[in-house]
Amino acid sequence: MDETQLRLDGNAAAGLLQEVFVHELTSARGACASCGAVAEVGAQHLYMYPQSPGAVLRCSACASVLLVLVQGGGHLRLALPGFMWLEFREAGAQAG
Amino acid sequence: MSVFSRGFKGRRRDADTRGRLPPGQYLVRGFPVLSAGPTPRTPLAEWTFSITGEVDEPKSWTWEQFRALPSETITRDIHCVTKWSKLDTTWEGVSVDTLLAGVETAADYVMAFCDGGYTTNLPLEDLSGGKAWVAFAYDGQPLEPEHGGPARLLVPHLYFWKSAKWVRGLQLMKDDSPGFWETYGYHMYGDPWREQRYSGD
Amino acid sequence: MARAAVQRRLSWRLGEVAELIDETPRVRSVVLGVAGWPGHRAGQHVDVRLTADDGYQAQRSYSIASAPDTPERLALTVERLDDGEVSPYLVGELRVGDTLELRGPIGGYFVWDVGMGGPLLLIAGGSGICPLMAMLRHRAARGSAVPTRLLYSSRSLEDVIYRDELHRLMATGKGLEVFHTLTRVQPPEWPGYRRRIDQDMLAEVTWPPDLHPLVFVCGPTPLVESVATALVQLGHEPGRIKTERFGPTGG
Ligand SMILES: Cc1cc2nc3c(=O)[nH]c(=O)nc-3n(C[C@H](O)[C@H](O)[C@H](O)COP(=O)(O)OP(=O)(O)OC[C@H]3O[C@@H](n4cnc5c(N)ncnc54)[C@H](O)[C@@H]3O)c2cc1C
Ligand SMILES: [Zn+2]
């Protein structure tokens, strides 16, 4: 079995990411710093525990590492080595 | 704190292995594929293995030259940081001692580098003295790409992420520096018997 | 208020098993009562965490199969993988009254609600039907007539999850068409497809790309991989194809 059978969609990391971010990250758009491709985080390729020692989000266009999240030993380490930017949708601008 | 799940046992963690299972590990029968990225498929005609970095003279082998080096059969237990262990795995490979023979260096550390961009760091000491190999066959068959073929590092006394798949060379370094998983929070050394999984362990 | 933009940090909560429904010989639905459940959107999932009495833990994701329109109750539908760690427990061991630790709802990407319109094209393999079922149930609960097609691949007729309910939804609702393919065993005179989903089947069943359907594909990773590739080859915009890979599960 090769990696194409093991990988998931970025969406599967949403639970993990919500441990860290106050915004829902999988529906955020991000630009890959390597190739410039823009896509929702949920649409990128994901490799995740236990098939990978940590969650690795890769650009679905060029496979560059966008985000890595390793949880263990009482720590959660988040790295964002490959995003040029991330864009979150702001919640409805209710008057208030 | 979590609640217990009535009747849940999980994978067996108590098999009779006469002290061969490091703490926190369970036995697997199959050979799980671990993957953090696409599987590279470098044609053998383009494959080389190099020794670079802190060396007087870098060395390099083509696939044919590499396969002409003396090789040996190795049977060892392997331990993955994702908690599975596999006993008596049989490999064929070239000892790293053979590859480093005649190399003059002041380095104490090594960064293994691979197709696909993966890296992992190890003390030079752990790669020499019959402790590490560049393996090209598993269970009598050419190493499959998903298990790191055409060749992977085999350092069975450390957690298996140190046994870099698709390895293409060793960069010798004076100072230690983190590889891929080490950068993202895994242990710089990774001894399964001391359960050195994460950087703080 | 600015605070409305910020969601609460996800925490683990307890569900109580209210009902267990055998869907097929290998698949069971687990209906949970969850006090204070904040509600969900069709397509979202939860993470389930099991803890053995020596503290060992295992965690997996399961899609929510029930519609968002039933408060404080949610259903997961789980397929047993014989050599798996978690699914045999959920399908075989769990009893009514047991508690299950979970966090969610999770994910804002693989979701559909009636407001997003259509046409809606759903493609599932095996247990990949679960999040799509939440969409179909939500669509029915809202009386929506959004044109919707489901192409569903199963091994055999007895492996078709929600078979009766799908039939009922198609018979009673407006604008829903369901196509089945059985990949391993077919009953005599089976009118549906008899092979794995391929590009020809997709060309027959799906709307042409110029109708810009919203596409959701879910199931074992190899199926999702090949369906998504074939859809792009047929001219569908990659940006309108949303996928949920379940991992290297059989089927
Ligand atoms: C977002 C999301 C939603 C999901 N929703 C559902 C759902 O609604 N219903 C449902 O039934 N499932 C769903 N799944 C799948 C579910 O999370 C589990 O993966 C599934 O239940 C199997 O878990 P397990 O512990 O039983 O099996 P595991 O112990 O995880 O093993 C799974 C299978 O894969 C094999 N395997 C595992 N790892 C490897 C490896 N590294 N190399 C080779 N083989 C391997 C095992 O031998 C086994 O056959 C979903 C997955 C995701 C990501
Ligand atoms: Zn890219």
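Our coupling estimate for the range C:221-229, obtained by passing each phi through the Karplus curve with A = 6.51, B = -1.76, C = 1.60 and θ = phi - 60°, is 3, x, 5, 4, 4, 6, 5, 4, 4 Hz, Gly and Pro reported as x. Cβ crowding within 10 Å, taken as a proxy for footprinting-reagent exposure, orders B:Tyr189, B:Tyr198 from fewest neighbours to most as B:Tyr189, B:Tyr198.
Residue-wise HN-Hα couplings along the range C:120-134, as the Karplus relation 6.51 cos²θ - 1.76 cosθ + 1.60 with θ = phi - 60° gives them from phi, are 10, 10, 10, 10, 10, x, x, 5, x, 5, 3, x, 6, 5, 4 Hz; Gly and Pro carry x. Rounded to the nearest 20, the size of the Cβ-charge dipole of the protein assembly as shown about its Cα centre is 1420 debye, with Lys and Arg at +1 and Asp and Glu at -1. Across the range B:26-99, Cα-Cα pairs farther apart than 15 Å form 70% of the total.
Spherically averaged projected area of the convex hull of Cα atoms, the range C:190-236: 3.6 nm². Computed over chain B, the range of Cα coordinates on each principal axis works out to 61, 36, 33 Å, biggest value leading. When Rg and the Kirkwood radius Rh are both evaluated on Cα atoms of chain A, their ratio Rg/Rh stands at 1.00. Only the Cβ atoms of Lys and Arg (+1) and of Asp and Glu (-1) were treated as charged; on that basis the dipole of the range A:3-87 about its Cα centre amounts to roughly 180 debye. Sorted fewest first by neighbouring Cβ atoms within 10 angstrom, C:Val31, B:Val103 come out as B:Val103, C:Val31. Ordering C:Cys130, A:Cys32 from the fewest to the most neighbouring beta carbons within 10 Å gives A:Cys32, C:Cys130.
Remark: mean inter-chain Cβ contacts per residue of C:89-95 equal 3, using a 10 Å Cβ-Cβ cutoff to other protein chain atoms. Summary of the geometry: the range C:146-199 and the range C:108-124, compared by the centres of their Cα atoms, lie 19 Å apart.
Binning all Cα-Cα separations of the range C:2-106 at 10 Å, short to long from zero, yields these whole-percent fractions: 14, 49, 29, 7, 1. With the helix formula -39500 (n - 2.57) applied to DSSP H stretches of n ≥ 4, chain A reaches a computed 222 nm mean residue ellipticity of -1000 deg cm²/dmol.
Just the Kirkwood number for the range C:114-246, please: inverse of mean 1/r across all distinct Cα pairs, in Å, one decimal. Present the calculation step by step, with values, prior to reporting the outcome.
Numbers: mean 1/r = 0.0675 Å⁻¹.
Result for the range C:114-246 stands at 14.8 Å.
Cβ screening of the protein assembly as shown for cysteine pairs under 4.7 Å finds these without a partner: B:Cys80, B:Cys114, C:Cys130, C:Cys218. Given the protein assembly as shown reduced to its alpha-carbon atoms as identical point scatterers, what log10 I(q)/I(0) does the Debye formula return at q = 0.06, 0.07, 0.08, 0.11 Å⁻¹? Those come out to -0.33, -0.44, -0.58, -1.05, one per q.
Read-outs: derived from the displayed coordinates by stated rules, not from any lab. On a predicted model such as this, the values are computed, not experimentally measured, just so you know. Cβ atoms come from the backbone with ideal geometry, glycine included; neighbour counts cover every protein chain shown.
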